[in-house]
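The structure appears below as structure tokens.
The values are calculated or read from the model by the stated rules, or taken from the named source; none is laboratory data. Here the structure is a predicted model, which is why all the values come from computation and not from measurement. Just the protein is used for accessible areas: all its heavy atoms, side chains included, with ligands, DNA and RNA removed. Shrake-Rupley method; radii C 1.70, N 1.55, O 1.52, S 1.80 Å.
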Amino acid sequence: MPCIFLSYRKPDSRWMRNRVYHALSDRLGADEIFKSGQSIPPGADFAEILRRQAAECELMCVLIGPGWLDARDEDGVRLLDRAHDWVRLEIATALRAGNRVVPVLLGDATMLPDTTALPAEIAELARLQFIRVPETHLPDGLAHLGNAVTALLSDADANPAAEPGRSAAPAADPEPSTTMTAHVSGGGSAYQAARDQTIRLA
């Protein structure tokens, strides 16, 4: 299964989106990149595949160009405000699954959306550190993106407990606190000392 999911809007920054796809494919192999337009075979249940891939990917790159936030349908309704918008569903699915989600800003002037501009279920996207791929320095930006993605995947391989779909080992029960009472002239208050020892001053 591909480890990187590219989430994008088709009308938004198409040529830069394709450059990102080819750069990551050259770096990691095309089989490691999920791009709906090329990764879903004819006749397949695209809705099921999109949901499964978004839930099980190790890393989702959300490609955000100048038209991503305010893209609208033929009735003038903002796409992100529709509950069935696929970009919204992809991001929400990955966030709920605990996968790493990285906003990738395409172009020199594209800004990360503000929390208030996003639906509540994906508002967290506005707080995530982004990577910019500038048009004016595209080769360097693509190289930087490839380096960052490779490092993130290497980190996930080194810490398998943090991989999506895996539950972390249950935490050991904390040792019981030890309470010691000391009498101090003038009174005092309780505080937590090192090694979970509570010293109560009376």
Percent accessible area from carbon and sulfur atoms, segment 1-139, protein chains only, probe 1.4 Å: 51 percent
5 Å is the cut-off here: which amide hydrogens, built 1.01 Å from N in the peptide plane, fall below it relative to Val101, excluding neighbours closer than 5 in sequence? Met60
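Whole number in Å², please: accessible area per residue of segment 39-125, 1.4 Å probe, ligands, DNA and RNA not counted.
The answer is 47 Å² per residue.
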Which ³J(HN,Hα) values, rounded to whole Hz and listed in residue order, are derived for segment 144-154 from phi using the Karplus coefficients 6.51, -1.76 and 1.60 in 6.51 cos²θ - 1.76 cosθ + 1.60 with θ = phi - 60°, glycine and proline given as x? 4, 4, x, 5, 5, 5, 4, 5, 5, 5, 5
Inverse of mean 1/r across different Cα pairs in segment 37-92, Kirkwood, Å: 12.8 Å
Rounded, prolate or oblate: which one fits segment 1-51, using the alpha carbon gyration tensor with axes a ≥ b ≥ c (rounded when a/c is under 1.5, else prolate when a/b beats b/c, else oblate)? oblate
State the percent of C-alpha pairs, over all pairs in segment 4-148, separated by a distance greater than 20 angstrom. 45 percent
